[in-house]
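Enquirer: Input: one structure, supplied below.
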Amino acid sequence: MQTAFDYIVLGAGSAGSIVAAELCKALPDSSVLLVEAGPKIAADENVIWDPTQWALVAQQGKWEWGYESVPQKNLNNRVIKIGRAKGLGGCAIHNAMVYVRGGYRGFDHWAASGNLGWSYKEVLPYFEKVEDTLLVTIAKSDPLIDALVAACRQQGIPYNANYNQNSDQVCIAPFQFAISPTHRRETSYSSFLPQTPPNLTVLTHCLIERIIIDNSQTARGVVLRDLANGTVREVSASQEVVLSAGTIGSPQLLMLSGVGDPDELAQFQIPVVSALPGVGKNFQDDLFVTAGFQSPQPLPPQPYGLMGTVIFANSTNHNPLLGTDLESSLATSSMAGMPGNLPKDSWYLYPNIQLLKSRGTVKLRSENPMDKPIIDPNFLDDPSDIQNCLDGLKLAMQIGNDTALSDWASEQLMPTQDDDLEAYIRQTADTCYHYAGTCKMGIDVDAVVTPDLKVRGVHNLRVIDASIIPTTVSGNTAAATMMIAMKGSELILQDT
Ligand SMILES: Cc1cc2nc3c(=O)[nH]c(=O)nc-3n(C[C@H](O)[C@H](O)[C@H](O)COP(=O)(O)OP(=O)(O)OC[C@H]3O[C@@H](n4cnc5c(N)ncnc54)[C@H](O)[C@@H]3O)c2cc1C
């Protein structure tokens, strides 16, 4: 195989696939290598491409990294499964396909924190550029959703036909999904790289072990391990190395390459190339809680991975500068991947509790790239976060018990009348898989990348993925990650 390229993109997920595609398109005379640990997803792998099957994908270990959190002291010491996919398309091969740009205030907050160029007005063209290629479906309503809209209206929550156009509003709205008109899942790999451009080489089943950084603090290439036969080789990059290995993979690879907190690197005798204490810190996620209801009549069939509606609202702690902080998705018991013991014709509100204040870490377990990192989301560490969860749960219960839903909700199944709500949350709250922030962009001492996504203290190395998000926005993370990739690609091209 060719061992010298102009650009090397590490990780073919939501971000990396777009970066590779954009570089190949804009620089037809340059060679680009895209490296991915997982496989190519076959066209007949229906559990992935059929949107109704999504919750089953993560239960099939073959596309999973198999990460788990350390026991979470504020969640009754439960170990939380940290979902991360491997394969061309990254987490978009097993995500719920929800497409939410995120409220505008969150991006304005990025810019106000010193990240010039990242206000909502400035990032909007990159969302639109993503949407020129990635097909987004606006979900259709059904009689249960119509009743939910009526219930929300009675609770003072208005209807919004398009939350991506009118963002940051308390509303109930049709959900938008990355699903094509032929009802297939869209990933950024399948959408942006349907054919491999002549100047792109894609390596699958290949583990990135570390980035080679020379004495002049310049990224020169990478060390790769072929997972099929164990062969290790070096590949060089004459222009840039782009790290798009995600919120867990990117800090792990930086640390393995000598970029991180000197004290942590010293534990594993890794020589320090750039002392950046923020690598692996600032881990953020949303939590979800559950309110369940029994319907006295059969529920409408569901054509998507979640029900076709979403409710945005505010907790009592909500910070008006950051936007709405509750986003409730819904599902019915008959949807694929739901636990088998749920009562027939039951349905569930899942408020995603967003903009939480707790921060966690990703740390090296050893200097061996094959070892899983130590992941501690540190859920509910900030004492105020439990209130946001209580508010989200109470709102879901109010909506479910509203008179407008009486034909659809004869009984509240969970939490039960006897449950202490805080204890119920600590026993049942779970990850929303919206991991972000471990290589945060910024201008403070904990920043890992600058606002043009360059790793501080290293030349020719950028991070472009969800890990650069300094503070999560109100919404899910995939759309923002693809926007980051589109803008990040342009930042690279501006330097050519
Ligand atoms: C189960 C689940 C459901 C979700 N649902 C939604 C949703 O509905 N809507 C939404 O907006 N967001 C959702 N998310 C989150 C969203 O999918 C992610 O935020 C987004 O895909 C992250 O993109 P990324 O490019 O940063 O990382 P990824 O997509 O994870 O890409 C990183 C890639 O790098 C590869 N990689 C990492 N390390 C190495 C290595 N050492 N060697 C080789 N390759 C490596 C990985 O295999 C992966 O393919 C969900 C996530 C999960 C897990």
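Enquirer: Between helix 120-133 and the chain, what is the angle of the helix's C-alpha long axis to the longest principal axis, kept within 0 to 90° and rounded to the nearest 10?
Expert: Helix 120-133 sits at roughly 90 degrees to that axis.
Enquirer: What length, rounded to one decimal in nm, is gained on full extension from MET1 through to ILE138, with 0.36 nm per residue of separation minus their alpha-carbon distance?
Expert: Details: separation 137, 0.36 × 137 = 49.32 nm, distance 4.35 nm.
The MET1-ILE138 span can extend by a further 45.0 nm.
Enquirer: Also, I was wondering about something else. Starting with the highest mean, order 284-290, 133-139 by the number of other Cβ atoms within 10 Å, averaged over the residues of each peptide.
Expert: Values: 284-290: 24.9, 133-139: 18.3.
Highest mean packing first, the order is 284-290, 133-139.
Enquirer: Take LEU491 and ARG153, extend 7 Å from each Cα along the Cα→Cβ direction, and tell me the distance between the two endpoints in nm.
Expert: That separation, rounded to one decimal, is 4.5 nm.
Enquirer: May I ask for the net charge around TRP49, where only other residues with Cβ less than 10 Å from the Cβ of TRP49 are counted and Lys, Arg are +1 while Asp, Glu are -1? Could you put the intermediate results ahead of the total?
Expert: Working: positive: ARG184, ARG185; negative: ASP44, GLU45, ASP50, GLU186.
Counting the neighbours of TRP49, the net charge comes to -2.
Enquirer: If I take every Cα pair under 8 Å that is 6 or more residues apart in segment 277-350, average their sequence separation and divide by the length, what percent do I get for the relative contact order? Intermediate results must be reported in sequence, preceding the final value.
Expert: Details: 91 pairs, mean separation 27.3, N = 74.
Relative CO of segment 277-350 lands at 37 percent.
Enquirer: Among HIS459, HIS94, which comes first, second and so on when ranked by fewest other beta-carbon atoms within 10 Å?
Expert: On the way: HIS459 14, HIS94 28.
The fewest-first ordering by Cβ neighbours comes to HIS459, HIS94.
Enquirer: May I ask you to order 266-279, 298-311 by the average number of other C-beta atoms within 10 Å around their residues, highest value first? Before the final figure, lay out the partial values.
Expert: Values: 266-279: 16.9, 298-311: 20.0.
Top to bottom by mean Cβ count within 10 Å: 298-311, 266-279.
Enquirer: Moving on to the next point. Quick check on the exposure proxy: order ASP402, ASP385 from fewest to most C-beta atoms within 10 angstrom.
Expert: Working: ASP402 18, ASP385 21.
Taking fewest neighbouring Cβ atoms as first place, the list is ASP402, ASP385.
Enquirer: Here is a further query. Around LEU461, under 15 Å between beta carbons, what's the net of Lys plus Arg minus Asp minus Glu among the other residues?
Expert: Values: positive: ARG210, ARG220, LYS454, ARG456, ARG462; negative: ASP6, ASP214, GLU240, ASP452, ASP465, ASP495.
Residues near LEU461 contribute -1 overall.
Enquirer: Once every DSSP H run of n ≥ 4 in the chain is given -39500 (n - 2.57) and the sum is divided by its residues, what mean residue ellipticity at 222 nm do you get, rounded to the nearest 500 deg cm²/dmol?
Expert: Numbers: 12 runs with 118 residues, N = 496.
Roughly -7000 deg cm²/dmol at 222 nm, from the helical runs in the chain.
Enquirer: Compute the helix-to-body angle for 246-256: its Cα long axis versus the longest principal axis of the chain, expressed 0 to 90° and rounded to tens.
Expert: Relative to the chain, helix 246-256 is tipped by roughly 30 degrees.
Enquirer: Which Rg and Dmax, in Å, describe the Cα atoms of segment 311-426?
Expert: For segment 311-426, the Cα-based Rg and Dmax read 17.7, 58 Å.
Enquirer: Running Debye on the chain with equal point scatterers at the Cα sites and no solvent, what base-10 log of I(q)/I(0) appears at q = 0.08 Å⁻¹?
Expert: -0.46
Enquirer: So, one more: Can you give me the distance in nm between label points at GLN417 and ASN46, each placed 7 Å from the Cα along the Cα-to-Cβ direction?
Expert: Label-label distance for GLN417 and ASN46, simple model: 4.5 nm.
Enquirer: Then there's this: Provide the FRET efficiency to the nearest 0.05 for the MET370-SER236 pair, computing r from the beta carbons and using R0 = 25 Å. Spell out each step's value before the answer.
Expert: Numbers: r = 23 Å, r/R0 = 0.92.
The computed FRET efficiency comes out at 0.60.
Enquirer: In what order do MET414, MET441 fall by count of nearby beta-carbon atoms within 10 Å, going from fewest to most?
Expert: Values: MET414 17, MET441 24.
Result, fewest neighbours first: MET414, MET441.
Enquirer: So, by mean Cβ neighbours within 10 angstrom, what's the order for 422-434, 332-344, 251-263 with the highest one leading? All intermediate terms of the calculation are to be shown ahead of the outcome.
Expert: Values: 422-434: 18.8, 332-344: 14.2, 251-263: 23.6.
My ranking of the peptides, most packed first, is 251-263, 422-434, 332-344.
Enquirer: Calculated FRET efficiency, ASN401 and ASP446, Cβ-Cβ r, R0 45 Å, to nearest 0.05? Display every interim value, and only then the final one.
Expert: Working: r = 44 Å, r/R0 = 0.97.
Efficiency at R0 = 45 Å is approximately 0.55.
Enquirer: A further question on this structure: Please report the relative contact order for segment 79-210, taking Cα pairs under 8 Å with a sequence separation of at least 6, and give it as a percent rounded to a whole number.
Expert: Values: 131 pairs, mean separation 40.3, N = 132.
Contact order relative to length: 31 percent.
Computed from the coordinates by the stated procedures, all read-outs in this text should not be read as laboratory data. In this text the structure is predicted, and so the values were computed from the model without any measurement. Cβ atoms come from the backbone with ideal geometry, glycine included; neighbour counts cover every protein chain shown.
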